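Any read-out appearing in this document is the output of simple, stated calculations on the displayed coordinates, not a laboratory observation. Quick caveat, the model's predicted, so the values are computed rather than measured. We place every Cβ from the backbone using ideal geometry, glycine too, and count neighbours over all the protein chains shown.
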Amino acid sequence: MRFNHLGAVIVSLAVLTPSITTAQETATTDTLTLSLDRCIAIALSDNPTIKVADMEIERVDYSKKEVIGQLLPSISFGATYNRTLAKQVTYMNMDAFKGMGSSSSNNESSEGENAESQESGQSNASSATGSSGNSGIKMGLDNSYSVGFSASLPLIAPQLWKSLKLSDSQILQNVEAARQSRLSLINSVKTAYYTLLLAEDSYNVILESYENAKFNHDVYKKKFQVGSASEYDVLRSSVALKNVEPELMQAEISIKQARLQLQILMGMSCTIPIKATTTLADYEKDMYAQTLSIDRSIEGNTDLRMLDIQTRSLRDALSIQKMSLLPTLALTANYNWTSMSNGTPFKDLRWNPYSMVGLTLSIPLFEGGQRYSRIKQAQIQVDEMKWQRENLERSVNMQVDLAIDNIHMNVKQIASTSESVKEADKAHDIMEKSFEIGAASYLDLRDSELALTRARLAYYQSIFNYLVAHSELELLLGNADVEKYTTETE
């Protein structure tokens, strides 16, 4: 009987083990455990803002190709048809032909014959003059067609050549804007990740306080049942327990909000639960080395870099305005077929080829001082950028000094709160033992628990403040290693 019972147990375990394992694997795979670097890598890969910035770079690249295309020949095909409704009438002055009669007289002919011929010539001329002067001559045909190709090629175009450099500046400006978006996203992801860690650590601290309050309340209930504690003690412990419950629920809400914010930044579905791999206390060991190795260089500041690129664009625009004073030369060519006919269209067509090659030279001489005014405007904009950069550089240096001072203050606060946690923990242990032997009241024990809770929350808050301040300084200096997070997804 024992062997049969043992066999049934083994069979039952063999049947249930796969289902238990599958359930555990499902629970494990449903929750994503992500490190900070992994979260940043996912955000840089899937965040819509980054995709829009990259698409903007691609758009400006096509804009440069458009400018390059203006340097290449442009060829077009065209066809025209015209129907003449009223033909043009031309009148001729026949008085000029009166003296063009035969002036040479034959010596052998008689004077009578000469006079007769002159009279007949005059009568013919007058009749011709009268007919043309009254009716005129109609010019042209009813239908005209033209089909052919036309081409042009700029040979000397200084403004167009300089526009290529302006396109390069626009591409650099969009590249820097995309880099700024990435740095801002990295800072946002770090802040959201640190907020999640703060919410989880705060929840654990409040949960421990809640469990202690619940344990004390249960103890007093049991003591009250056996008559060793008063009803006041039970009520007081119950009130202490209920006072912690709102804080615990608020901590749970904070965790959900932090996770949601992090998932939005990463471009992930909000239905997938995520979990952090570290705690705030894990960052304490590296903060001293990071503080000592802070680089104050502002060369990577995105605002300064963007201002430098804008200054370059304005200089290119100034050069383009100066190039407008130079002449331009273009090569043109045409090859057409023409046809003209009377009567019904598309009948009796007679096509004749016609071609032409030429040069077009344009020399700007005077436009009322417009070009000069545009050049002076562009020069003033370039000069303005010098003063703006000086002011911006001074402002950035001031912000860096304040950020570093804030980091140093947070480091000191972490050291102070860390020592406070140790002292509060030790005081709570002493008070807990004193309470067990009856040397301390419940109020003393509760005060020590509250002091320990506040010390721990202050400790985690100080670490969070340091991490956020360090991330803000990294954004200000623009020295985040974007390539490291890019290779993280590969």
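Express the Stokes-Einstein translational diffusion coefficient of the stretch 292-393 in µm² s⁻¹, to the nearest whole number, given a Kirkwood radius over alpha-carbon pairs, 10 °C and a viscosity of 1.306 mPa s.
Approximately 81 µm²/s, per Stokes-Einstein.
Where Lys and Arg each count +1 and Asp and Glu each count -1, what net charge lies around residue 445 among other residues with Cβ under 13 Å from its Cβ? Here the charged neighbours net out to -4. Using θ = phi - 60° and the Karplus curve 6.51 cos²θ - 1.76 cosθ + 1.60, what whole-Hz ³J(HN,Hα) does each residue of the stretch 61-69 get, with Gly and Pro shown as x? Result, rounded to whole Hz: 4, 5, 5, 5, 4, 5, 5, 4, x. What residues qualify as long-range amide H neighbours of residue 274, i.e. H under 5 Å apart, gap of 5 or more or another chain, H built at 1.01 Å from N? Under 5 Å from the amide H of residue 274 lie the amide H atoms of 32, each far enough along the sequence or on another chain.
Over the C-alpha atoms of the stretch 167-236, the Rg to Rh ratio, Rh being the Kirkwood estimate, stands at 1.64. What separates the Cα centres of the stretch 300-351 and the stretch 30-67 is a distance of 35 Å. Here the gap between residue 215 and residue 32, fully extended at 0.36 nm per residue and compared with their Cα-Cα distance, gives a gain of 62.6 nm.
In order along the stretch 337-343, the Karplus-derived 3J(HN,Hα) couplings, from 6.51 cos²θ - 1.76 cosθ + 1.60 at θ = phi - 60°, round to 10, 10, 8, 9, 7, 9, x Hz, and Gly and Pro are given as x. 3J(HN,Hα) couplings calculated from phi for the stretch 417-426 with the Karplus curve 6.51 cos²θ - 1.76 cosθ + 1.60 (θ = phi - 60°) are, in sequence order, 5, 5, 5, 5, 5, 4, 5, 5, 5, 5 Hz; Gly and Pro show x. Dimensions of the stretch 146-267 from C-alpha coordinates, computed as largest minus smallest value along each principal axis and given longest first, are 116, 33, 15 Å.
Principal semi-axes of the equivalent ellipsoid, √(5λ) from the alpha carbon gyration tensor of the stretch 395-490, are 42, 16, 8 Å from largest down.
Each of 402, 197 has some number of other Cβ atoms within 10 Å of its Cβ, and from fewest to most they run 402, 197.
The distance separating the Cα centre of the stretch 157-184 from that of the stretch 228-271 comes to 51 Å.
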